[in-house]
Amino acid sequence: MTPDPFPIALRRFIDANGQPNGMLVNRDTFAPSIPGSLYAASLARRCASPNTLYRYLQFAQALLSWGLESGVDLDQRLLHGLPLSGGEIEYYGLWLERRLKRGQAKLQQPSVVTFNAYLIGAEEMINWFMDHYFEPIGRDRGVAIESQRAASHRWWKRVRKVSRSEKVAPDLSDDEISEIETFLGGASKGPQAKSSWIRAYLIWRLAIEFGFRIGEILALRLEDCPTRLDPTFRIVRIEDRTGKPDPRGLKAPRPKTLGRALAPVISNTVFPRLVIDYQADHRLKKARRPNGQTAWRPVLGHTYLLVSDSGDPLPSPSAKSLAEAIARETGVPFNWHLARHAFFNRAYAAVANLEDPTLRASRMEDLVYWGGWRDSNSLSIYTARARRERARTSVAIWGGTQRMEPLA
């Protein structure tokens, strides 16, 4: 969530190389921020993910906006590599909390995670300028910078909020999973089935069977999908892609997790049949015949798996609308990320229940790879959920000792 309007605006754009980029400009004068431009250029080189780039630019947007509103000459300060004083850091924390609260629809307090993320992002920006522009007088530069950063860090840490609650992965109950599966299974079949429900069912099964993120699903191309001879799905990060840029531009889905190759693990999987049938019957585009009649033709100028009725790659807002429609039809509070959590809650519980410690450790490593995470710390929210629900009976798809069916 980004409060708006900040006096400093973040303008997102696609650069000459077809890569997402951003610029921080004064909302009233349209003048670009000099330190903002320097920092944006550095971030564009360092950030593999555009989502990461824009997140750090949002942190910079807030800090530069505070400088403009508070009368602190941040341009001068940053371009000399000088930190904020302790009092200024505390002042920024108070200002930030008010601004984040103003951005909430019901004027609620900003979450601890959001507030702390903005503080950490501001500190990192100031440290970057310190590393590049600070010139001490009569002292070793490295020693002076480390001393200055350490003193500044104590103030930044003091202003952060302390979380008093453990983050727990949300979940869908077994009954809710069954309700969604029953509804979508019926709505997507038959000659009168709407194309929207057919798309929704394919997305649902990809999310609930594999724990894929919605961005990963929307980014799937035909060459990433299983065939009758190879059951493997491949998740490919955008920076590892070759060929034409995604036609969705700035709104193109960008997988956040690491690339990986995964095959189905449940016995009643609908793959590869479901994806093969979808490719044959629903990746179509309206075309006009010479006699003026409209026909559907499987000739598209792209290889993205999921398409809208126009034949274009399915945009993220359309996928969000499908999730909202599922919630209305089933009465289940639902979004696509809940399906991912439902998968990993059950997978984690099955692994945690393995009695053999060597096998359990090995399967935990497999689970980290399956989720596309860099380390096991990302499993902490599922660990917390498992601690709360030890008595829950989950599908042992990872245990290797039972083959229960997770879906109706």
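At a glance:
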quantity: Net dipole in debye of the range 127-257 [+1 Lys, Arg Cβ; -1 Asp, Glu Cβ; about Cα centre; nearest 20]; calculated: 660 debye
quantity: Candidates per GluC sites (Glu not before Pro) in the range 40-127, loop by DSSP, up to 11 other Cβ within 10 Å; calculated: none
quantity: Distance (nanometres) between label positions extended 7 Å along Cα→Cβ at Glu355 and Val112; calculated: 3.9 nm
quantity: Cα→Cβ-extended label distance, 7 Å offset, between Ile34 and Arg387, nm; calculated: 5.1 nm
quantity: Relative contact order (%) - the range 170-244, alpha-carbon pairs under 8 angstrom, separation at least six; calculated: 14 percent
quantity: Part-to-part distance (alpha-carbon centres) for the range 323-368 and the range 6-39, which is given in Å; calculated: 39 Å
quantity: Average Cα contact separation per residue, the chain, under 8 Å, 6 or more apart, as relative contact order %; calculated: 14 percent
quantity: Straight-distance crosslink candidates among lysines, where the alpha carbon sits under 28 Å from Lys101 and sequence neighbours closer than 8 are dropped; calculated: Lys157, Lys161, Lys167, Lys251, Lys256, Lys320
quantity: Distance (nanometres) between label positions extended 7 Å along Cα→Cβ at Asn26 and Gln76; calculated: 1.5 nm
quantity: The range 1-153 - percent relative contact order, Cα under 8 Å, separation 6 or more; calculated: 23 percent
quantity: Whole-number accessible area per residue in Å² for the chain, which is evaluated in the context of all protein chains at 1.4 Å; calculated: 51 Å²
quantity: Additional length obtainable on full extension of the chain from Asn17 to Asp281, 0.36 nm per residue less Cα span; calculated: 91.5 nm
quantity: Residue-averaged [θ]222 nm for the chain, counting only DSSP H segments that reach four residues, each worth -39500 (n - 2.57); calculated: -16000 deg cm²/dmol
quantity: Solvent-accessible area, 1.4 Å probe, carbon plus sulfur percent, for the chain; calculated: 51 percent
quantity: Ranked order, Val159, Val351 - accessible area, probe 1.4 Å, largest first; calculated: Val159, Val351
quantity: Full-extension gain in nm, Ala193 to Glu324, via 0.36 nm per residue minus C-alpha separation; calculated: 45.3 nm
quantity: Virtual paramagnetic centre 7 Å along Cα→Cβ of Lys244, amide N under 20 Å, in the range 205-223; calculated: 218-223
quantity: In Å², nearest 10: area of Ile120 left accessible to a 1.4 Å probe; calculated: 60 Å²
quantity: FRET efficiency for His153 and Ser376, using Cβ-Cβ distance with R0 set to 25 Å, rounded to 0.05; calculated: 0.40
quantity: Largest to smallest accessible area among Trp370, Trp66 [probe 1.4 Å]; calculated: Trp370, Trp66
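The values are calculated or read from the model by the stated rules, or taken from the named source; none is laboratory data. Since the model is a prediction, treat every value here as computed from it, not as a measurement. We place every Cβ from the backbone using ideal geometry, glycine too, and count neighbours over all the protein chains shown. With ligands, DNA and RNA removed, areas are computed over all heavy atoms of the protein, side chains included. Shrake-Rupley method; radii C 1.70, N 1.55, O 1.52, S 1.80 Å.
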